[in-house]
Amino acid sequence: MKSEKGIFYRIDLVLVSLYVALVLMGWLNIYAAVYNDSHQAITDLHQKYGKQMVFILASLLLAISILIIDPKFFSQFAYFIYGFFLLMSVVVIFAGREIAGSKSWFAIGGFGIQPAEFAKMATALALAKFLGYLDRNIKHPRTLVIAVSIIILPALLILLEHDTGSALVFFCFVLVLYRAGLSGYVLLALLVIPVLGVLALIINKYILVAVLFTISGFIYLRSRRRARTLMIALAIFLASSGLVFSVHFAVNHVLEPHQRQRINVLLGNNTDLKGAGYNVNQSLIAIGSGRFWGKGFLQGTQTKYNFVPEQSTDFIFCTVGEEHGFIGSFIVIALFLGLMIRIVMNADRQRSKFSRLYGYGVASLFFIHFGINIGMALGILPVIGIPLPFFSYGGSSLWAFTILLFIFIRQDAMRNELV
Amino acid sequence: MERALAYRRLIIIGIFLAVGLIFTARLIYVQILVDKYILSANNNVLRYITQYPARGLIFDRNGKLLVYNEAAYDLMVIPRQAKNIDTAELCRLIGIDKDEFTRRMIKARNYSPYRQSIFEAQITRENYGFLEEKLFRFPGFFVQSRTLRKYTYSIAAHTFGYIGEASPDIIEGDSYYRSGDYIGVNGIEKSYESLLRGEKGMKVRVVDVLNRDKGSFQEGRYDTLAYAGTNLYSSLDEDLQEYGEKLMANKKGSIVAIEPSTGEILCMITSPTYDPNLLVGNIRKKNYRNLVLDTVYQPLFNRALMAMYPPGSTFKLVDALVGQQEGVLFPTTTYSCPGGFSIGNGKMVGCHSHPSPLNLIGAIQISCNTYFCRVFRSIIDNSSYTSTRQAYEHWRKEVMSFGLGRKLGLDVTGELNGNIPSPAYYDKYHGKDRWRSMTIISLGIGQGEIGITPLQLANLAATISNRGWYHIPHIIRAIGKKDSINPGFTEKKFTDVNPAYFDIVVEGMADVVSEGTARASKIDSIDFCGKTGTAQNPHGKNHSIFIAFAPKLNTKIAISVVVENAGFGAAWAAPIASLMLEKYLKRKVSRKDLEERMMNADLIHGINTGNEIGKGHFLPD
């Protein structure tokens, strides 16, 4: 208990600094994105930037609270927290408010709370808790099934809320499983499948199948133990060919029209810049017009005059790109990379398996939001509406990421005491 | 076992870095390597709003304002913003029906839902008054100010010309013009377009995604001001022009008056004419169509510059001058007239009864056909030339030196050449060189294929009054400043005829008025010289023609009058010309009953015509 006194001296100041930097930059960018001449005070509570300031102050309280709470609380109550947010995710389907097609919000007073944002954090806790027992081996099928279920369950509930973007986020936990011992081939497959999927849509599928056949044949012929690799090569060929055809089927028959359009836009098959391609094109115009040095703080015209839709939430990165140019965008990317890498490095110095795997969960969550959100703004990925941590306007997201990060900082500060 | 997997953090970090690298590469491409995004960004937010300058004003020679501008307004619409408006009310205000409203909105929306297009062009100030008070009730509609041409006096429509929207061809060829700009289509508006139009200005505004104005771009650093067009001081005399138009009411024809010492056009009347205020603003298209469709009176046809008339006996003056220059005619030359000039095969150019024989002055005074047929023969059959053709070519060159048969080059658009037939024409008609002086003898009395415009006739009178030279006639005497001189028209153009030969012709013209064919139009207080003409033509009754100048010395005004299908030159053209001279030189007309008779006569609508007036009273020419 005496070590508790020193908690504020042992927290990782690098992580805290990165956090503070990102939060402040996010706030200024929201101000720039919504800025207009008639409401100039950044503290104006009727404007989004004023509200964001309140959210930031609240998250400071959250961060401090987490730093005072006994770190064992989170591992002790991980399942309970997980269960609570699963329940909330179910309740929101019935009691929630529908915003932009997603029924994922609780209306509390003037603010909306999105349980999905917190469910991500809860899942990271539960997964770390489950895999954190020393005798758990992920190669054991039962363990794997339960671990995957922990991930899939909230994702399915969120899918029921029609919030596809947030559901996709849960894919990131494969990195935690990988670190816990999952075969590298699974990770590889998860990386290859999207690439193959895109290729399936832009290259003639029969040519693609022929190429796959050649590759499988090559693997087989190069192998020394042909009897064994025959099966593997065949499996790879059949699986990948099946994927090629099912991607076609999925895109044309399963996806909803607006999702299909987004994919077509991305692949360059849809150049309707007033319709489905409008968002991405305007996003690129805003970012591209920033050039090297940017137009300067509050000088962005594309974002300020609403050419970019959802500019304070999903497309907040456009404001960075337009007003701060390549330099500013690069700095933001570098800060995020710094945050994620620092978390991973810190995770690996944990003595507690729970703390370590939880750290990987935190890094993975940051990574997937960072990757999808900026990738979308840069026109590399289809339009998927998920926030950029600390930058996108909104209390739920900010609070969830603050809690997520500070639980880890708390664990890390106590790494010598926790086993 | 799990400890042994620590290397995996490197793979995970590698994935993070790879994504960061992809993003950085993409940023380099989008922000540094390609330009299209910054161009699109400017297209998004910058609106270039043209500031239209006022066109230059036009004054008359006495400083009266003739052409000016009035504020007009284009009603613009941004379809996206035009919501929940009272359509019926708006339709009532601008005077269109519901279908037309819908049609225009669809057109505007097709152009762009976010950008402005013209909904109703050139609303006059009066109509804008009603609209202005209620405009706030129609979101998405606003007005852009333009100017509209206005004419103080409803005169000289053909001379002023009109302005219209620049055509795609013009826009293609001249970078000054943009779609929706106006340009002078003809008349002074066209010939002085580059001075009148002024300089457009540009305001750069910033707009948001709904095209709402967000203020000027960089505090107006790239804005330019509009400069109004240059004012023009015309040589027209408003009183004289208006008076001439009244005299020519209900007649077809033209009056052109020139100040011989300068070549300044004092008036240029074409009848029938139209009110220039008809071809202004949004009523222009409809009125223009009506004017074009009037094929009976052809009000758009600028007779002063485009109608070619056989000059009739007025051409005898040219015969007299060229004959002397060629050395085949002298003041003392006398020919007798047996009542006509025989051209063989029993055919004859008739002449009226008059004393005979006559010398040159007498022949001009009496307008003897026989005399001038002989003069013309002596020119063409001159033994100094080797052939009829050579003599004719020489004659033609000297005639054209008077500015006949070719454009004079005045500063109003639409002028035509007229026609002094080329030898090739007669070759084609009669066979190569198979024509002789007798074949083309009618040229000698200003008949046949010869065609001369009223402007050329007036210039002929001016040239004779100057004793052998003229300035190119022009309508704009000063540009920008009232007392400057239009530099294009200062050069004296001499004819090929020696100035010494003109005095005798001037004397003959003085006698025409004092005791010759035009003596009925004599004005006691003014010493003027003239020559009547009666032009036969295939379109009906003879054209009545008269050219004159006054005073005989220090001439102030030279004039031509053509009244189509009206009869003898002395019956209509001469009295009209004399009234014009009196009006200009005395500033008021004392012969009220003559004035009234001329103004009231209607020679085109087939009602009384006054055709019988003076039959037998006037001498034929």
Can you pull out the trypsin sites (Lys or Arg not before Pro) in region B:56-134 that DSSP calls coil and that have at most 13 other Cβ atoms within 10 Å? B:Lys83
Work out the length of the dipole vector of the protein assembly as shown about its Cα centre, built from +1 on the beta-carbon of each Lys and Arg and -1 on the beta-carbon of each Asp and Glu, and round it to the nearest 20 debye. 4600 debye
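Using a 1.4 Å probe, what is the accessible area per residue for chain B, in Å²?
Per-residue accessible area for chain B comes out at 43 Å².
How high is the FRET efficiency from A:Val145 to A:Val91, r the C-beta distance, R0 35 Å, rounded to 0.05?
On the way: r = 27 Å, r/R0 = 0.76.
About 0.85, to the nearest 0.05.
Using unit Cβ charges (K, R positive; D, E negative) and no other charged atoms, how large, in debye to the nearest 20, is the dipole of chain A about its Cα centre? Please list the in-between numbers first.
Numbers: 33 positive and 19 negative charges, 343 e Å.
I would put it at about 1640 debye.
Might you report the magnitude of the Cβ-based charge dipole of chain B about its Cα centre, with Lys and Arg at +1 and Asp and Glu at -1, to the nearest 20 debye? Mind showing how you got there, number by number?
On the way: 74 positive and 62 negative charges, 408 e Å.
Once rounded to the nearest 20, the dipole reads 1960 debye.
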Solvent-accessible area per residue for chain A at a 1.4 Å probe radius, Å²? 45 Å²
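Kindly provide the trypsin sites (Lys or Arg not before Pro) of region A:181-256 that DSSP labels as loop, not H, G, I, E or B, and whose Cβ sees at most 16 other Cβ atoms within 10 Å. Show your work: numbers first, answer last.
Details: sites: A:Lys205, A:Arg222, A:Arg224, A:Arg225, A:Arg226, A:Arg228; in loops: A:Arg224, A:Arg225.
Sparse-neighbourhood loop trypsin sites (Lys or Arg not before Pro): A:Arg224, A:Arg225.
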Collect residues whose amide H, placed 1.01 Å from N in the peptide plane, falls under 5 Å from the amide H of B:Gly340; neighbours closer than 5 in sequence don't count. B:Cys351
Note, ³J(HN,Hα) from phi for region B:477-491, Karplus 6.51, -1.76, 1.60, rounded to Hz, x at Gly and Pro: 8, 9, 10, x, 10, 4, 9, 7, 10, 5, x, x, 10, 9, 7
Charges on Cβ only, +1 for Lys and Arg, -1 for Asp and Glu, centred on the Cα centroid of region A:238-387; of A:Leu255, A:Pro387, A:Phe367, which one is farthest towards the dipole's positive end? A:Phe367
Looking at the protein assembly as shown only, what percent of DSSP beta bridges run antiparallel? Nearest 5 please. 95 percent
Rank B:Ser525, B:Phe138, B:Ile94 by how far each Cα sits towards the positive end of the charge dipole of chain B (+1 on Lys, Arg Cβ; -1 on Asp, Glu Cβ) and give me just the farthest. B:Phe138
How shielded is B:5-15 by partner chains, expressed as the average number of their Cβ atoms within 10 Å of its Cβ atoms? 6
If the chain between B:Thr386 and B:Lys134 were fully stretched, how many nm would it gain, using 0.36 nm times the residue separation less the Cα-Cα distance? 82.3 nm
Just to check I understand the Karplus step: with θ = phi - 60° and J = 6.51 cos²θ - 1.76 cosθ + 1.60, what whole-Hz values come out for region B:297-313, glycine and proline as x? 9, 6, x, 7, 7, 7, 4, 4, 10, 10, 7, 10, 10, x, x, x, 5
Just to be sure I follow the definition: excluding the sites themselves, where is the longest run in chain B that has none of the GluC sites (Glu not before Pro) in a DSSP loop with at most 11 other Cβ atoms within 10 Å? B:1-490
What residue among A:Lys120, A:Lys72, A:Lys51 has the largest mean-square fluctuation in a Gaussian network model of chain A, using Cα springs under 10 Å? A:Lys72
Fraction of antiparallel bridges per DSSP, chain B only, in percent to nearest 5: 95 percent
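Hydropathy at least 0.0 by Kyte-Doolittle, axial extent at least 27 angstrom from the Cα trace: which helices of chain B, defined as entire DSSP H runs, fit?
On the way: long enough: B:8-27 (29 Å, 1.80).
Qualifying helices: B:8-27.
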Amide H contacts of B:Lys214 (H built 1.01 Å from N, under 5 Å, at least 5 apart or other chain): B:Val206, B:Val207, B:Asp208
The answer for chain A, counting only DSSP H helices whose Cα atoms cover 27 angstrom or more along the axis and whose Kyte-Doolittle average is -0.5 or greater, is A:13-34, A:48-68, A:141-160, A:184-202, A:226-249, A:317-348, A:353-377
Based solely on its DSSP helices, what 222 nm [θ] is calculated for chain A when runs of n ≥ 4 H residues each add -39,500 (n - 2.57) and the sum is averaged over all residues, nearest 500 deg cm²/dmol? -22000 deg cm²/dmol
Quick one: with all protein chains in place, what share of the accessible area of the protein assembly as shown is carbon or sulfur, to the nearest percent (1.4 Å probe)? 59 percent
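Rounded, prolate or oblate: which one fits chain A, using the alpha carbon gyration tensor with axes a ≥ b ≥ c (rounded when a/c is under 1.5, else prolate when a/b beats b/c, else oblate)? Could the numbers behind the result be given before it?
On the way: a/c = 1.75, a/b = 1.12, b/c = 1.56.
Oblate, since a/c reaches 1.5 and b/c is not below a/b.
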Comparing A:Glu117, A:Glu322, A:Glu310, which has the greatest mean-square fluctuation in the GNM of chain A with Cα pairs linked when under 10 Å apart? A:Glu310
Choose one of A:Gly325, A:Val91, B:Ala72: the residue whose Cα lies farthest towards the positive end of the charge dipole of the protein assembly as shown (beta-carbon charges +1 Lys, Arg; -1 Asp, Glu; about the Cα centre). A:Val91
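Given the pairs A:Lys295/B:Lys36; B:Lys200/B:Lys286; A:Lys51/B:Lys83; B:Lys541/B:Lys583; B:Lys347/B:Lys407; B:Lys492/B:Lys586, which are separated by over 26 angstrom at their Cα positions?
Values: A:Lys295/B:Lys36 16 Å; B:Lys200/B:Lys286 28 Å; A:Lys51/B:Lys83 32 Å; B:Lys541/B:Lys583 29 Å; B:Lys347/B:Lys407 35 Å; B:Lys492/B:Lys586 28 Å.
Among A:Lys295/B:Lys36; B:Lys200/B:Lys286; A:Lys51/B:Lys83; B:Lys541/B:Lys583; B:Lys347/B:Lys407; B:Lys492/B:Lys586, the Cα-Cα distance tops 26 Å for B:Lys200/B:Lys286; A:Lys51/B:Lys83; B:Lys541/B:Lys583; B:Lys347/B:Lys407; B:Lys492/B:Lys586.
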Work out the mean other chain Cβ neighbour count within 10 Å for the residues of A:293-305 and drop it here as an integer. 3
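The values are calculated or read from the model by the stated rules, or taken from the named source; none is laboratory data. In this text the structure is predicted, and so the values were computed from the model without any measurement. Glycine also receives a Cβ, built like all others from the backbone with ideal geometry; neighbour counts cover every protein chain displayed. The accessibility values were calculated without ligands, DNA or RNA, using every heavy atom of the protein model including side chains. Shrake-Rupley method; radii C 1.70, N 1.55, O 1.52, S 1.80 Å.
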